[in-house]
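As structure tokens, the structure follows; a few thoughts come after it.
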Amino acid sequence: MNPSLSPEERANLLIAAMTLNDKIAMLHGVTAPKKKAANAYDFALPPIGYVGYVPPNPRLGIPALTLADGRAGVGNMAKDVTLLPAPIAAASSWDPVLLNEFGHLLGNEEWGKGTNVALSPSIDVVRVPEWGRTFESYGEDPYFNGVMAAAEIQGIQSEGPIANANMYLTMNQESDRFREDSIVDERTMQEIYLLPFAAAVEEGHVGTLMCAYVKTNEIYSCQNAQILGDFVRKQLGFQGWVMSDWGATHSTVDAANHGLDQQMPDDSYFGAALKAAVLADRVSQAKIDEHVRHILATMFKFGLFDKAPGGTWMSNVRSRQHDQFSRHVAEQGTILLKNDGDLLPLKEGPSIAVIGEAGKNKPKAEGGGSSGVAPPYVVSPWEGIRKRAGSGGNISYDDGDDPAKAAEVASTAQTAIVVVHTDETEGSDRPNLQLPGNQDQLIQAVAKVNRRTLVVLDTGGPVLMLWVNQVAAIVEAWYPGQEDGNALAAVLFGDVNPSARLPLTLPRTAEAIPTSRKEQWPGVEGHSTYSERLNVGYRWYDATGTEPLFPFGFGLSYTTFRVSHLSIKRHTLSADELLHGATASITVDVTNTGARDGAEVVQLYVAHPAANGEPPHQLFAFGKVSLRREETKPLKLSVDRRAFSIYNPTDHRWKVKPGAYGILVGTSSRDLPLKGTITVQK
């Protein structure tokens, strides 16, 4: 208990005082009561609410571990908490500062609920557009996901709880997830799927990782020596602990010997079976100590022995400021995709028809599964629009059940707002990319009678837009949290100038996607083949010359911008300089050329020499600039050795490759007007 000692020293002193039973008790959760245990203290039921629980050890002064879900707020049906927008919405801000604040609020409410391990964030790359957990992630680019992950993790952990980066590794579908086998080559694993976790470890300093349900190359994640040992321990130097997803442990000896530290939520493999394996010399005492050390040293590092969470599961952790922040995130995450004829922003005193069940009767504020939150309230789009329009507005409504009836209501309004949604959840992928039910027909019926039709998408991921040319405006609001309608109204009426950008590609057709073949998704005989290799998301569209409906990084504003005057500080760098921390500095001017204040997201992509075998270009830097009308600001971006490296699977390491690299700067993956070159020498 001497805080002047290092976490490792404190852990080692404690381990020396522990019996084998004490150690085994640290390596699994409990879900049922047990009678007096051999080490003379009682195991308890998990306290109400917590999804995972490791009981305290009063004899040795080890505090309990209390684990709770929470990607968009404290989960497990906790009361008196804030429902934030889905992480995909927060990420659409392209603002790491906002993600850090998102993490602060989440960590604050988790800690206030007595949680000391927050099971967030989910940082997997979106490989399959139909993935049922797209809304929990940040998008399709590994560099982008890594930046956002590090920012959110730092926010969570600064408030007290230990964060948990999940789900590790190749957890890119929900279909058949308990036996699905991701067949993926090592270079693709390193360059695409490991990168966000590398950022979580190296920059976010995350305390825990969660190994996934799926297999990677025939071996379950939670007993996979390559991904739990070679990648995360040896390569990334991860010092925290690895816990299993709930029910993702499949063995005792293999899991214990190949990198799993803790089984959740019970002791079916890491309880009596693990003790028996130790006594039979199938798992060494040293290996047990190693697992316990990972857990205890992390608990010491994050102060769990020195301070207790700020409340209990029954505490009220909401505040007016938290409600306001939820609205702010929703506003910053709402993307304006189309705005023909400047339909938006709406004028005062309008006649508006709000159409669709998500517009009023059943607002779609969040996704399902373990990220689910019990919201204190949800403001529907109709309610928010009616409130913002004031007494001068005439706001009608139809649930859209009967498209013909809805069209009749819409025909009498100046503007028709059709709010459509998807129902996305952990545990199942969407069967296709179409809007469910009659929603496509509903949009077409309304658009036919009202040329001022706006579609609001409350979706967790991409959808097909067969009606894209029939409507005047499209807004992607994602799952916007409890302040749904207020945030939407603020954007539609121009109180907030939209500045969000797409963190993933929106396709034109179901066939024009990187994973359109059955062997890729949902797989054949339990095997999903990653045959697209490095060409995930926009990389595939660029590599194949396929035109997306809306490209990665795209988004409109109520003003206009120009990027100009690309300047590269040094056009030549050596591989040795890059390996020793040198960076390349690039500056551009960003100008607001429109009539109102706004913010632009500037994106820098790197094009490798053809010999490197990389996708055409890849994101390696971005920055968001707020500008008054007619204002110009310089924006400095930098790239490090990662931008000039590829992974060599023969040597099992990253290498900086000499050659001429294209530097492409613009405002989406398909709008890169500024071009330069940096040469890397041997």
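The values are calculated or read from the model by the stated rules, or taken from the named source; none is laboratory data. If you're wondering where the values come from, they're calculated on a predicted model, not measured in any experiment. Virtual Cβ from ideal backbone geometry, glycine too; neighbours counted across all protein chains shown.
Cβ-Cβ distances below 8 Å connect the following pairs, each with a first residue in segment 523-541 that is in contact (Cβ under 8 Å) with a residue 40 or more places away in the chain and farther than 17 Å from V125 by Cβ, a second residue that is of a type in the set (V, I, T) and surrounded by fewer than 22 Cβ atoms within 10 Å (Cβ to Cβ), and a separation of six or more residues or different chains: G523/T529; H527/I183.
This table checks each residue for (1) of a type in the set (G, A, S); (2) under 30 Å from M314 (Cβ atoms); (3) not in a strand (DSSP E or B).
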| site | (1), (2), (3) |
| --- | --- |
| G132 | yes, no, yes |
| Y143 | no, no, yes |
| V147 | no, no, yes |
| G155 | yes, yes, yes |
| M171 | no, no, yes |
| E191 | no, no, yes |
| A200 | yes, no, yes |
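Okay, residues lined up against (1) farther than 30 Å from W540 by Cβ; (2) more than 12 Å from the chain's Cα centre (by Cα):
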residue	(1), (2)
P63	yes, yes
A91	no, no
T115	yes, yes
V125	no, no
E130	no, yes
D141	no, no
E152	no, no
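Taken over segment 558-588, residues that are polar (S, T, N, Q) and surrounded by 19 or more Cβ atoms within 10 Å (Cβ to Cβ) amount to 1. I352 satisfies every condition listed in (1) modelled with pLDDT of 95 or more; (2) assigned to a loop (DSSP other than H, G, I, E, B); (3) not aromatic (F, W, Y) except (2).
Regarding L502, is this residue among the aliphatic types (A, V, I, L, M), under 19 Å from S137 (Cα atoms) and within 27 Å of the chain's Cα centre (by Cα)? Considered against the rule, which asks whether it is among the aliphatic types (A, V, I, L, M), under 19 Å from S137 (Cα atoms) and within 27 Å of the chain's Cα centre (by Cα), L502 comes out as yes. Of all residues in segment 660-682 being part of a strand (DSSP E or B) and among the β-branched types (V, I, T), which is nearest to S564 (Cα to Cα)? Out of the qualifying residues, it is V665. Would a scan of segment 502-512 turn up a residue that is in contact (Cβ under 8 Å) with a residue 60 or more places away in the chain and either among the acidic types (D, E) or surrounded by fewer than 21 Cβ atoms within 10 Å (Cβ to Cβ) (or both)? Yes. Among residues of segment 379-402 being closer than 15 Å to A358 by Cβ and in a helix (DSSP H, G or I), the one that is nearest to the chain's Cα centre (by Cα) is P381.
Looking at T572, is it closer than 21 Å to E191 by Cα and in the same structural domain as D671 (by TED's automatic domain parsing)? So T572 does not fit the description; no. Among the residues of segment 149-191, those that are farther than 15 Å from A212 by Cβ, among the small types (G, A, S) and free of Cβ contacts under 8 Å to residues at least 60 places away in the same chain comprise A149, A150, A151, G155, S158.
Just wondering, is there one or more residues in segment 337-347 that are within 27 Å of the chain's Cα centre (by Cα), modelled with pLDDT of 95 or more and farther than 29 Å from M18 by Cβ? Scanning segment 337-347 turns up at least one residue that is within 27 Å of the chain's Cα centre (by Cα), modelled with pLDDT of 95 or more and farther than 29 Å from M18 by Cβ.
Condition check ((1) farther than 22 Å from K387 by Cα; (2) not basic (K, R); (3) not assigned by TED's automatic domain parsing to the domain that holds A72) across all residues:
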position: R293; (1), (2), (3): yes, no, no
position: W313; (1), (2), (3): yes, yes, yes
position: F325; (1), (2), (3): no, yes, yes
position: Q332; (1), (2), (3): no, yes, yes
position: L346; (1), (2), (3): no, yes, yes
position: S351; (1), (2), (3): no, yes, yes
position: G356; (1), (2), (3): no, yes, yes
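Can we say G237 is over 23 Å from L65 (Cα atoms), under 27 Å from the mean Cα position of the chain (by Cα), assigned by TED's automatic domain parsing to the domain that holds P55 and in a helix (DSSP H, G or I)? For G237, the condition - over 23 Å from L65 (Cα atoms), under 27 Å from the mean Cα position of the chain (by Cα), assigned by TED's automatic domain parsing to the domain that holds P55 and in a helix (DSSP H, G or I) - is not met. Can you find, within segment 258-292, the residue that is nearest to the chain's Cα centre (by Cα) among those that are within 21 Å of A16 (Cα to Cα), surrounded by fewer than 22 Cβ atoms within 10 Å (Cβ to Cβ) and not hydrophobic (A, V, I, L, M, F, W, C)? If we take residues in segment 258-292 being within 21 Å of A16 (Cα to Cα), surrounded by fewer than 22 Cβ atoms within 10 Å (Cβ to Cβ) and not hydrophobic (A, V, I, L, M, F, W, C), then E290 is nearest to the chain's Cα centre (by Cα). Reported count of residues in segment 523-556, each being surrounded by fewer than 20 Cβ atoms within 10 Å (Cβ to Cβ), of a type in the set (G, A, S) and in contact with a strand residue (DSSP E or B) (Cβ under 9 Å, 6 or more places away or on another chain), is 3. Test V278 against the stated conditions and say whether it is among the β-branched types (V, I, T) and closer than 18 Å to W241 by Cα. Judged against the criteria, V278 is not a match.
Per-residue answers, yes or no, for (1) assigned to a strand (DSSP E or B); (2) among the basic types (K, R); (3) farther than 17 Å from R539 by Cβ:
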site	(1), (2), (3)
Q603	yes, no, no
P616	no, no, no
K624	yes, yes, yes
E630	no, no, yes
L635	yes, no, yes
S638	yes, no, yes
R642	no, yes, no
I646	yes, no, no
T650	no, no, yes
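Picking from residues in segment 259-274 that are of a type in the set (G, A, S) and outside any loop (DSSP other than H, G, I, E, B), the one that is nearest to P47 (Cα to Cα) is A272. Determine which member of the set G356, G333 is more than 21 Å from I443 (Cβ to Cβ) and surrounded by 23 or more Cβ atoms within 10 Å (Cβ to Cβ). It is G333.
Pairing residues of segment 670-682 that are within 29 Å of L549 (Cα to Cα) with residues that are acidic (D, E), at Cβ distances under 7 Å and at least 6 apart in sequence or on separate chains, gives no pairs at all. Only one entry in G400, G437 is of a type in the set (G, A, S), modelled with pLDDT of 95 or more and within 30 Å of G70 (Cα to Cα), namely G437.
Among all positions in segment 94-107, there is no residue which is touching a Ser or Thr at 6+ places or on another chain (Cβ under 7 Å) and either over 23 Å from N145 (Cα atoms) or part of a loop (DSSP other than H, G, I, E, B) (or both). Only one entry of A273, A248 meets the criterion of being over 30 Å from L84 (Cα atoms) and in the same structural domain as N108 (by TED's automatic domain parsing), and that entry is A273.
Results for (1) modelled with pLDDT under 95; (2) assigned by TED's automatic domain parsing to the domain that holds M167; (3) over 28 Å from T188 (Cβ atoms); (4) surrounded by fewer than 24 Cβ atoms within 10 Å (Cβ to Cβ), shown as yes or no for each residue.
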site: L84; (1), (2), (3), (4): no, no, yes, no
site: A90; (1), (2), (3), (4): no, no, no, no
site: A118; (1), (2), (3), (4): no, yes, yes, no
site: R133; (1), (2), (3), (4): no, yes, no, no
site: E136; (1), (2), (3), (4): no, yes, no, no
site: P142; (1), (2), (3), (4): no, yes, no, no
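On the stretch given as segment 414-452, residues that are closer than 28 Å to A212 by Cα, surrounded by 23 or more Cβ atoms within 10 Å (Cβ to Cβ) and polar (S, T, N, Q) total 1. Checked against (1) assigned to a strand (DSSP E or B); (2) exposed (fewer than 14 other Cβ atoms within 10 Å of the Cβ), T591 passes all but condition (2).
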